[in-house]
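Note sheet for the following structure.
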Amino acid sequence: MILRRRFADLVARQLDLFETDDRPLLADVDQAKAAYDAAEREDAEQAYGDYVDAVDAVKDALAEARDRFAATLDGDTAEEYEAAFERAARKRWRWLA
């Protein structure tokens, strides 16, 4: 259990920073999801595609931030950090799963 918590504080701060700095990306997800939920049947497929695109943009930005930090770590430590980062991000934003 100690290993699981090793990066908990660091990752939480990184995700807090992401939430602040990349607020527009997160807002795009919320807006796209709302548009999809409100879409008429004939527009639902396009609205869902827009939602998936918005989620993918957040995933890409998070992966870039994760990888940038992981590059400063040795192999095993980087893998442990990446796993902790992914778990925390999916927990914070369930739609990432």
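Taken together, the values in this text are just the output of simple stated rules run on the coordinates, not laboratory data. Just so you know, these numbers come straight off a predicted model, no measurement behind them. We place every Cβ from the backbone using ideal geometry, glycine too, and count neighbours over all the protein chains shown.
Could you give the angle, 0 to 90 degrees to the nearest 10, between helix 41-70's Cα long axis and the longest principal axis of the Cα atoms of the chain?
Helix 41-70 and the main axis of the chain meet at about 20 degrees.
Using only the Cα atoms of the chain, what do you get for the radius of gyration and for Dmax, in Å?
Cα radius of gyration and Dmax of the chain are 15.6, 51 Å respectively.
Any idea what angle helix 23-38 forms with the longest principal axis of the chain, computed on alpha-carbon atoms, 0 to 90 degrees, nearest 10?
Roughly 40 degrees between the two axes.
With a cap of 11 neighbouring Cβ atoms within 10 Å, and only residues DSSP puts in a loop, list the GluC sites (Glu not before Pro) found in segment 1-59. Provide the component values of the computation, followed by the final result.
On the way: sites: Glu19, Glu40, Glu42, Glu45; in loops: Glu40.
Answer by residue number: Glu40.
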